[in-house]
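Single-structure report; data block below.
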Amino acid sequence: MKWDELEEQPCSIARTVAVVGDRWTLLILRESFLRRKKFDEIQVSLGITRHLLADRLRKLVGYGVLRKVPYQDSPKRYEYILTQKGLDLYPIVMALVHWGDVHMSDVRGRPMLHEHKTCGKTFDPIMVCSECGEPLRAKEVHVHPGPGAREFTESTSDKIRARRTSGT
């Protein structure tokens, strides 16, 4: 599978990775959720080159994750605001935060604490079932083909086998 073909795959993970699947894009999203909107703010916070940041922002705008809004005319400057599509990535970002808090924190503890404005408490971001509200665990979930799944035919199987043996 080629990197530029991911968004064509019949897999929601592959399609999402096509949009957010590199370290800089994920860190730019983090900055957006931390309410950093201006190019210079994001660049200073990340220490990323201007060229690389411009490229990733252009990609996120192109996919409709961010929108580019002018905030100054002379010289022309823009803010990058999360769209609804971008805001819908919040659970993904928070899942990464939770994994990092559990598996990558050192003796000093978590680098950031998240407080829920509604209840005022610091929380652990966890994923729950939309139907029963129980926490989701990998061993308790079954996956079935959905309406967007592609039929897995013998010819598809043959193509995959041929690619594996040819090394491409």
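The values are calculated or read from the model by the stated rules, or taken from the named source; none is laboratory data. Just so you know, these numbers come straight off a predicted model, no measurement behind them. Heads up, the Cβs are rebuilt from the backbone with ideal geometry, glycines too, and the neighbour counts pull from every protein chain shown. Surface accessibility is based on the protein's heavy atoms, side chains included, excluding ligands, DNA and RNA. Shrake-Rupley method; radii C 1.70, N 1.55, O 1.52, S 1.80 Å.
What about Q84, is it polar (S, T, N, Q), at negative phi and at pLDDT below 95? So that I can check it myself, show each step before the final result.
Details: polar (S, T, N, Q): yes; at negative phi: yes; at pLDDT below 95: no.
For Q84, the condition - polar (S, T, N, Q), at negative phi and at pLDDT below 95 - is not met.
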- [ ] For region 24-47, state whether one or more residues are more than 19 Å from Y90 (Cβ to Cβ), outside any helix (DSSP H, G or I) and out of contact with any strand residue (DSSP E or B) (no Cβ under 7 Å at 6 or more places or on another chain).
- [x] yes
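Look at region 106-126 and say how many of its residues are in a loop (DSSP other than H, G, I, E, B), under 22 Å from E31 (Cα atoms) and not acidic (D, E).
10
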Open item on the list: Within region 109-160, take every residue that is closer than 20 Å to A14 by Cβ, at pLDDT below 55 and open to solvent by 80 Å² or more (accessible area, probe 1.4 Å) and give me the one that is nearest to the chain's Cα centre (by Cα).
Closed with: F152
TODO: Give the residue that is nearest to R67 (Cα to Cα), with candidates limited to residues of region 27-44 that are crowded, with 19+ Cβ neighbours inside 10 Å and of a type in the set (V, I, T).
DONE: I28
Open item on the list: So, in region 73-102, how many residues would count as being part of a helix (DSSP H, G or I) and of a type outside the set (S, T, Y)?
Closed with: 16
